[in-house]
Ligand code: IPE
Ligand code: IPE
Ligand code: MG
């Protein structure tokens, strides 16, 4: 499990879970929110460095008002209920996304928990709320160009201008609910992440399934474009640079 440091989860399937039980969609959200604490606990127990949870996308604003407001209420309830445990477990908490439109009280609560945990050294727990991957990249680019007119951006610049730079690239993205798509989640940070799709709908997702997924993925080989993680004695980026230079100098001609 050691190589997986940052896990991101798309918590999907609440509505269908409820519909299958002939209940309104919001019932699925209520049951789904109860699962979140268990999964945070698991990430903490497994010594992950970061856990990023997708709770509400920029596109989810288009849902019926009743559903949107239920999701806001559940966020607030979760924060009130978990505040103490987050602090006790040395968890560093942050919400990423365009949260300006959330109710004032919720924003205050988010600010309070973020500042109370700003020196925590344990799990970096992130809630993506009113979050969109494209919006995050655009925000970074716009911030940069405003500060540095005319200058070209580097990957490092974009990394450092993400909402939460310290969590870095995603090692594993899990999506519950059976759909095989990324739905505008952490587009920049997932460039090389492992993807795992489970048919389990979010309200049925458990500590045990999470643990099993981590075990399975730990056995996958991540090659990052190279031929094998064991290949070569020199560092991948050094070899890439050497290959490029040789091609440019014409040392290597037609093959
Ligand atoms: C995920 O469950 C929660 C949010 C997107 C807020 P859904 O509400 O998307 O549930 P399904 O996908 O319709 O079953
Ligand atoms: C993705 O789920 C967003 C969250 C889980 C917060 P959606 O249900 O909104 O995604 P689509 O519409 O199936 O792509
Ligand atoms: Mg969905």
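Structural remarks
- Number of the exception - residue 79 against (1) farther than 25 Å from residue 211 by Cβ; (2) touching a residue at least 24 places away in the same chain (Cβ under 8 Å); (3) part of a helix (DSSP H, G or I); (4) within 16 Å of ligand 3 (Cβ to nearest atom): (4)
- Considering residues of segment 165-183 that are crowded, with 17+ Cβ neighbours inside 10 Å and assigned to a loop (DSSP other than H, G, I, E, B) only, the residue nearest to the chain's Cα centre (by Cα): 170
- Annotation: of all residues in segment 163-181 being in contact with a helix residue (DSSP H, G or I) (Cβ under 8 Å, 6 or more places away or on another chain) and over 15 Å from residue 4 (Cα atoms), the one that is nearest to ligand 1 (Cβ to nearest atom) is 177.
- All positions within segment 186-219 that are within 16 Å of ligand 3 (Cβ to nearest atom) and in contact (Cβ under 8 Å) with a residue 40 or more places away in the chain: 200, 201, 202, 203, 204, 205
- Screening residue 8 against (1) more than 11 Å from ligand 1 (Cβ to nearest atom); (2) modelled with pLDDT of 95 or more; (3) surrounded by fewer than 21 Cβ atoms within 10 Å (Cβ to Cβ) leaves a single unmet condition, (3).
- Selection over segment 32-57 of residues that are surrounded by fewer than 18 Cβ atoms within 10 Å (Cβ to Cβ) and within 19 Å of residue 69 (Cα to Cα) gives a count of 1.
- Candidates 90, 60, filtered to the one that is at pLDDT 95 or above and over 27 Å from residue 138 (Cβ atoms): 90
- Note on segment 171-185: residues that are over 21 Å from residue 218 (Cα atoms) and without any contact (Cβ under 8 Å) to a residue 24 or more places away in the chain total 1.
- All of 63, 31, 25 fail the test of being within 21 Å of residue 175 (Cα to Cα), without any contact (Cβ under 8 Å) to a residue 12 or more places away in the chain, in the same structural domain as residue 120 (by TED's automatic domain parsing) and within 16 Å of ligand 3 (Cβ to nearest atom), apart from 63.
The values are calculated or read from the model by the stated rules, or taken from the named source; none is laboratory data. Source: prediction; values computed, not measured. Using ideal geometry, Cβ is built from the backbone for each residue, glycine included, and neighbour counts are taken over all protein chains shown.
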